[in-house]
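Written below as structure tokens is the structure these notes are about.
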Amino acid sequence: MLYVWLQAFHLISIVTWFAALFYLPRLYVYHAMAEDEISLERFKVMERKLYRGIMNPSAIVAVGLGLTLLALNPAWLTQGWMHVKLALVALLIAYHLYCGRILRTFAEDRNERSHKWYRVFNELPVLVLVPVVILAVVKPF
Ligand code: HEM
């Protein structure tokens, strides 16, 4: 019973984590195109609040609950899909932390990348989302 409740909240935190993972780089796209002072300052506030208020807490809850599920059922660690899933989650955490580095470059007015670069960067989380959900639900190997 506890297990399925933890699973439900694991999924809820993944939804909010991905909402932020898709929206923050989208803000970077518009921030990289902005030129007037009011817009630049407004993007800084939106990005900081999204990163600290939604993205970090969601990631901590999603990973924390995932590890708790693993602790309750360590047998998952003997399955191949879980190894691949954990490797992809490690890439997602690296992407998350890189978003934090970009946040600082914008906060200090040091961004030199184009909006096109951020548009491509914005698509990367989907390359983790699709395989990880398939692995976790289908458990193919
Ligand atoms: C270190 C991070 C994570 C760990 C240790 C972890 C571990 C787990 C475990 C043990 C389960 C239960 C599997 C079951 O009982 O069927 C689970 C379920 C699930 N996880 Fe994660 N997870 C992590 C991160 C993620 C991420 C980032 C995603 C999405 C991108 C994700 C997607 C899912 C899904 C969709 C399920 C539901 C599977 C089902 O109900 O059949 N997990 N996770």
Starting from residues that are within 16 Å of the ligand (Cβ to nearest atom) and among the small types (Gly, Ala, Ser), keep the ones in the range 18-55 and report whichever is farthest from Leu129 (Cα to Cα).
Ala20
Among residues of the range 85-141, those that are of a type in the set (Lys, Arg), part of a helix (DSSP H, G or I) and either within 30 Å of Asp36 (Cβ to Cβ) or more than 10 Å from the ligand (Cβ to nearest atom) (or both), counted:
4
Options Ile60, Ile54, Ile38: the member that is surrounded by 14 or more Cβ atoms within 10 Å (Cβ to Cβ), in a helix (DSSP H, G or I) and not aromatic (Phe, Trp, Tyr)
Ile54
Mind counting the residues in the range 56-65 that are within 22 Å of Tyr23 (Cα to Cα) and near the ligand (Cβ under 9 Å from one of its atoms)?
3
Leu27 is checked against (1) within 12 Å of Leu65 (Cβ to Cβ); (2) touching a residue at least 12 places away in the same chain (Cβ under 8 Å); (3) not polar (S, T, N, Q) and fails just one. What number does that condition carry?
(1)
Of the residues in the range 87-141, how many are in contact (Cβ under 8 Å) with a residue 60 or more places away in the chain, charged (D, E, K, R) and exposed (fewer than 14 other Cβ atoms within 10 Å of the Cβ)?
3
Which residues, counting only those in the range 65-119, are under 14 Å from the mean Cα position of the chain (by Cα) and among the small types (Gly, Ala, Ser)?
Ala90, Ala94, Gly100
Would you mind stating whether Ile14 is farther than 30 Å from Pro140 by Cα and in a helix (DSSP H, G or I)?
no
Considering each residue of the range 1-15, count those that are more than 9 Å from the chain's Cα centre (by Cα) and without any contact (Cβ under 8 Å) to a residue 60 or more places away in the chain, and give that number.
10
Residues of the range 66-84 that turn out to be within 8 Å of the ligand (Cβ to nearest atom) and outside any helix (DSSP H, G or I), as a count
1
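None of the figures in this text is laboratory data; all of them are computed from the coordinates on show. Just so it is clear, the model here is predicted, and its values are computed rather than measured. Don't worry about glycine lacking a Cβ; one is built from the backbone with ideal geometry, like all the others, and counts go over all protein chains shown.
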